[in-house]
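Sending over a structure as structure tokens; questions will come in a sec.
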Amino acid sequence: MRRRTTGRPVAPVERWRWRGPVNANRCGARHSVDRNSVLRNHPAHRRPRALPLRVGYAGGMTHESGRSEGEDSQEAGPGSSPGEGHDSGPGERPGSSPGGGHDSSPSGGKDHGRPRPEGHRPPAAPGRAAEHGVVGLLLAAGGGRRLGGRPKALLPHRGRPLVEHAVAVLRAGGCSRVHVVLGAEAAAVRARADLSGCVVVDNPEWTEGMGSSLRAGLESLAGTGAEAALVSLVDQPGIGPEAVARLLASYGPGRPGGSHGALAAAAYDGERGHPVLFGADHWAGIAASATGDRGARAYLKAHADAIALVECGDVARPYDIDTEADLIHLQ
């Protein structure tokens, strides 16, 4: 039986699935492909995607993206190392099923097509990200290997899935647009977590490590008009809106490197951590070096002198939720 609606228009849902970067072996080419062409920022140079966006209708715009830094970000296996996310850039730790982009809601996905109440989406802080084109990129694909195989996105925090808390932090800090990369149990995450208004990116290669989620998330930004990505990890609930707002305050057209050349990271007692902000000029280089659970670490190390560190130790605690003992932070 068709469900009645109130007649209020609903937002379109972009369905987006990451197929991974083009490479010579996959295409049968004799010579290697220029890896920097994967994420060309200028529309004139961007390659057409193999799969076009498909637009449907549901309670909000959703996309799927990745995970956090370090071993348990992507939970790829024994090769990952705990706490990797603190010393590297976003995407050092590691999302939707084919044809992803389904609307997720607290009701378990049973409210298809139902309009959201007014004010449903948490308001963004006074316009910084909206003004300057910064998109929040949340990596939430990890499978929680050291947590008994419980996806970190679904860990309970203040009565709701942890991924909802992480999205709310980005929005409250000033990111009016948020892309979320999912991987482990992506369908369950969409069904149980309210990700309305987010672009949900499905990373089918999440088991390869957080690097794959970072690549998927950055590629989902192509063609959106975004000038920079502010990357955060789902398993760091001690980092709140204040840290996000400070990092956004360090970004802008008048800063060194300009809008697209921005490179900044939150710091804790002088040590680089998350969140991290990447101007669009850096996306291709980051994607080319983001393998396994290393995420952006190699790229950030090579460009250490260009990174603006923004001290956030007085407003945030950068601990990770990696083991059973860490769950005390969620109580």
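Condition first: over 20 Å from Gly261 (Cβ atoms) and either small (Gly, Ala, Ser) or surrounded by fewer than 24 Cβ atoms within 10 Å (Cβ to Cβ) (or both). Now tell me which residues in the stretch 206-230 satisfy that.
Listed by number, the residues that qualify are Thr207, Glu208, Gly209, Gly211, Ser212, Ser213, Ala216, Ser220.
Something else: Hey, among the residues in the stretch 140-161 that are more than 22 Å from Leu277 (Cβ to Cβ) and aliphatic (A, V, I, L, M), which one's surrounded by the most Cβ atoms within 10 Å (Cβ to Cβ)?
Among them, the one singled out is Ala153.
In this structure, is Val310 surrounded by 18 or more Cβ atoms within 10 Å (Cβ to Cβ), under 24 Å from Ser212 (Cα atoms) and β-branched (Val, Ile, Thr)?
In short, no.
Could you pull out every one of the strands (runs of 3 or more DSSP E) wholly within the stretch 172-246 that has 1 or more residues that are farther than 30 Å from Val315 by Cα?
Qualifying strands (runs of 3 or more DSSP E): 199-202.
May I pose another question? Which one of Gly240, Gly273 is at pLDDT 95 or above, under 30 Å from Arg160 (Cβ atoms) and surrounded by fewer than 19 Cβ atoms within 10 Å (Cβ to Cβ)?
Gly240
The values are calculated or read from the model by the stated rules, or taken from the named source; none is laboratory data. Being a predicted model, the structure only gives us computed values, none of them experimental. Note that each Cβ is placed from the backbone with ideal geometry, even for glycine, and that neighbours are counted across all protein chains shown.
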